[in-house]
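What follows draws every value from the coordinates through simple rules; no lab data is involved. Just so it is clear, the structure is predicted and the values come from calculations on it, not from any experiment. So basically every Cβ, Gly included, is an ideal-geometry build from the backbone, and we count neighbours across all protein chains shown.
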Amino acid sequence: MMKHVEFHFDFGSPNAYLAHKIVPEIEARTGVPFTYVPVLLGGIFKATNNVSPMVANQGILNKGAYQALEMRRFIEKHGLTAFRFNEHFPVNTLQIMRGAIAAEMEGGLSPYVEAVMAAMWEQSKKMDDPETIRAVLDEAGLDGRHMAERIQDPAVKAKLVANTEDSVARGAFGIPTFFVDGEIYFGKDSLRDVEDAIAAG
């Protein structure tokens, strides 16, 4: 039986972008698709009493510098030359994560994810500005005005909350988080273990 693999993501995480760029390679090698699950990182942090690495590393000598080095190594290893750290970081992702839920409900999550990931981590767009969001979606051939309306739908809002609460209940404390048949893996570097778990058995 094919393994069930989930990728819990929020566009606000640069490591989610980096993982997202590697996922197709793993899908190609294993023949197993990843199911993308939109969650709200801020909600996960609040529920788990966690904070972003930027905050957590304050006052810790060398840790932030090492994590930046680790990210550069990952980028170089996988040839992710399009990556640019967003100049507006941190970005409030509530609107675009609700948009991901709406896109999923309408069967268009994949092109939505591609457009927003690129805007956030390749084009350095300010993706908490409604006009910027609309322009990015329109440029990608998606309907920015329609999406702006859809993210106000109570069902969309409720689904994002439910996804986030479920992710925490299953063990998530940050992003990116993966599940392989319910087994949790955290961080982009765990993708090696995720692939091993998919291949096992």
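Here's the yes/no breakdown for (1) under 14 Å from the mean Cα position of the chain (by Cα); (2) in a helix (DSSP H, G or I); (3) over 28 Å from Asp128 (Cα atoms); (4) of a type outside the set (D, E, K, R):
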site	(1), (2), (3), (4)
Phe7	yes, no, no, yes
Ala19	yes, yes, no, yes
Glu25	no, yes, yes, no
Val37	yes, no, no, yes
Ile44	yes, yes, no, yes
Val51	no, no, no, yes
Val55	no, yes, no, yes
Leu61	no, no, yes, yes
Ile75	no, yes, no, yes
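Residue-level check: of (1) free of Cβ contacts under 8 Å to residues at least 24 places away in the same chain; (2) over 13 Å from Leu191 (Cβ atoms), Lys77 misses just (2).
Name every residue in the stretch 77-95 that is among the polar types (S, T, N, Q), in a loop (DSSP other than H, G, I, E, B) and under 16 Å from the mean Cα position of the chain (by Cα), in order of residue number. Hits for the stretch 77-95 are Asn86, Asn92, Thr93. With a requirement of 3 or more residues that are free of Cβ contacts under 8 Å to residues at least 12 places away in the same chain, the helices (runs of 4 or more DSSP H) lying completely within the stretch 96-201 that satisfy it span 130-139, 144-150, 154-169, 191-199. Consider the stretch 22-43. How many of its residues are under 16 Å from Phe186 (Cα atoms) and not hydrophobic (A, V, I, L, M, F, W, C)? So the answer is 3. Taking (1) buried (at least 20 other Cβ atoms within 10 Å of the Cβ); (2) in contact with a Lys or Arg (Cβ under 7 Å, 6 or more places away or on another chain) in turn, Val194 satisfies each apart from (2).
Results for (1) of a type in the set (D, E, K, R); (2) surrounded by 13 or more Cβ atoms within 10 Å (Cβ to Cβ), shown as yes or no for each residue.
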{"site": "Leu41", "(1), (2)": "no, yes"}
{"site": "Arg73", "(1), (2)": "yes, no"}
{"site": "Glu76", "(1), (2)": "yes, no"}
{"site": "Thr81", "(1), (2)": "no, no"}
{"site": "His88", "(1), (2)": "no, yes"}
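For the stretch 94-123, the tally of residues that are over 25 Å from Lys46 (Cα atoms) and β-branched (Val, Ile, Thr) stands at 0. Remark: pairs (first residue in the stretch 38-66, touching a residue at least 60 places away in the same chain (Cβ under 8 Å); second residue part of a loop (DSSP other than H, G, I, E, B) and of a type in the set (Ser, Thr, Tyr); Cβ separation under 8 Å; 6+ apart in sequence or on different chains) = Leu40/Thr93; Leu41/Ser13; Leu41/Thr93; Phe45/Ser52. State which residue is surrounded by the fewest Cβ atoms within 10 Å (Cβ to Cβ) when the search covers only the stretch 139-149 and only residues that are out of contact with any Lys or Arg (no Cβ under 8 Å at 6 or more places or on another chain), within 19 Å of Glu114 (Cβ to Cβ) and not hydrophobic (A, V, I, L, M, F, W, C). Here the residue is Gly141.
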